[in-house]
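To start, the structure itself, in structure tokens.
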Amino acid sequence: MTHQIETLQRFIDEAEKIVFFGGAGVSTESGLPDYRSNTGTYTELERQQLDPKKIMSKRYLLNYPEKFFNRPNTRKKTEVPKPNAAHLYLAELEKQGKDVRIITQNVDGLHQAAGSKLVVELHGNNRHFHCMECGREYKLNEIQRDEQNIPRCPIDNGIIRADVILFGENLKPGILDRAKELMASSDLLIIAGTSLTVNPSKNLIRYFKGKRVVVINKTPLTIDLPVDLAIEDAVGKVFQQLTV
Ligand SMILES: [Zn+2]
């Protein structure tokens, strides 16, 4: 065990309330692309000269639904992502009685799949769907697509979309307040697998008033808080070395 891992272990053992703030880098070891990395979805879209901010927006979805639902995706549809060592460790820690709070920028539900109970999904989730016309809710296996591959509500032919926040859309009311509240009441903040370049995530960490801040990321981060421990490595690989 390296000195850094030992320090992280000690911080976790000594903490009473842990807030884990994660981004795409938390799920890459589960086989999901990091949007901004070289092999990520954004990069793939850009390679095809498509602007991710334009493609992944509500306006694009409404104006060009056929293109939106047939956009390139680097993940093969047959792969089912599974929680990795980071998701599993955090869930186990909570199961053992530690107060662990998760704030995630991911929409994949892997923290819940691992068993975490307190998860705030800033950007929504890709497991619930609704009709944009009537608001009826659908599960993935209930969705029917038309000949252009657009998911359609059988009642009113409205477009069915995932409950994911797209570019140009606001976060769901209350979500950000809840995240701020969790930030402000924790004593250990672990920031993992996120570049923290976009708001409101960038601002959110300013609400942390606790004792210690840990950053786990493949590349160095500059953040608006003093950092007690910075580990430059894959998130799952780091958590794999910890004990509950
Ligand atoms: Zn409908």
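Hey, which of these cross-link pairs are over 30 Å Cα-Cα: K82/K139; K54/K209; K95/K211; K53/K172; K53/K180; K54/K172? Don't skip to the answer; put the middle values down first.
Working: K82/K139 19 Å; K54/K209 36 Å; K95/K211 23 Å; K53/K172 19 Å; K53/K180 26 Å; K54/K172 21 Å.
Distance filter (> 30 Å) returns K54/K209.
With a Förster radius of 25 Å, plug the Cβ-Cβ distance of Q49 and I150 into 1/(1 + (r/R0)^6) and report the FRET value to the nearest 0.05.
Approximately 0.60, to the nearest 0.05.
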Interchain or sequence-distant (5+) residues whose placed amide H lies within less than 5 Å of the amide H of I165 are G124, N125
Taking the Cα centre of segment 174-229 as the origin, how large is its charge dipole in debye, to the nearest 20, when only Lys and Arg (+1) and Asp and Glu (-1) carry charge on their Cβ atoms? 40 debye
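Given R₀ = 25 Å, what would the calculated FRET efficiency be for D13 paired with V198, taking r from the Cβ atoms and rounding to 0.05?
Calculated transfer efficiency: 0.15.
Net charge within 15 Å of K58 by Cβ-Cβ distance, Lys/Arg positive one each and Asp/Glu negative one each, not counting K58 itself?
Once positives and negatives cancel, what remains is +3.
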Which one, V235, A113, G168, is farthest towards the positive end of the dipole of the chain when Lys and Arg carry +1 and Asp and Glu -1 on their Cβ? G168
Of the accessible area of the chain, computed with a 1.4 Å probe and all protein chains kept, carbon and sulfur make up a percent value of 47 percent
Name the residues whose placed amide hydrogens come within less than 5 Å of the amide hydrogen of I191, ignoring near sequence neighbours (fewer than 5 apart) on the same chain. F21, V214, V215, I216
Radius ratio Rg over Rh of the chain, counting only Cα atoms, Kirkwood formula for Rh: 0.99
Quickly estimate the mean residue ellipticity at 222 nm for the chain, helices only: each DSSP H run with n ≥ 4 gives -39500 (n - 2.57), and the total goes over all residues, rounded to 500. -7000 deg cm²/dmol
Working out 0.36 nm times the residue gap between E133 and Q241, then minus their Cα-Cα distance, what length gain in nm do you get to one decimal? 34.1 nm
Of all trypsin sites (Lys or Arg not before Pro) in segment 160-244, the ones in DSSP coil with at most 12 other Cβ atoms within 10 Å are K209
Applied in sequence order to segment 85-102, the curve 6.51 cos²θ - 1.76 cosθ + 1.60 (Karplus, θ = phi - 60°) yields integer Hz couplings, x standing for Gly and Pro, of 4, 5, 4, 5, 5, 4, 5, 5, 4, 5, 4, 7, x, 7, 7, 10, 10, 10
Charge context of L122, other residues only, Cβ under 10 angstrom, K/R +1, D/E -1: +1
Mean accessible area per residue over the chain (1.4 angstrom probe, all protein chains present, square angstrom) is 54 Å²
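The values are calculated or read from the model by the stated rules, or taken from the named source; none is laboratory data. Note that the coordinates shown come from a computational prediction; the quantities given were computed from them, not determined experimentally. Here Cβ is always computed from backbone atoms with ideal geometry, including for glycine, and neighbour counts include all displayed protein chains. Just so you know, the surface numbers come from the protein's heavy atoms only, side chains and all, with ligands and any DNA or RNA stripped out. Shrake-Rupley method; radii C 1.70, N 1.55, O 1.52, S 1.80 Å.
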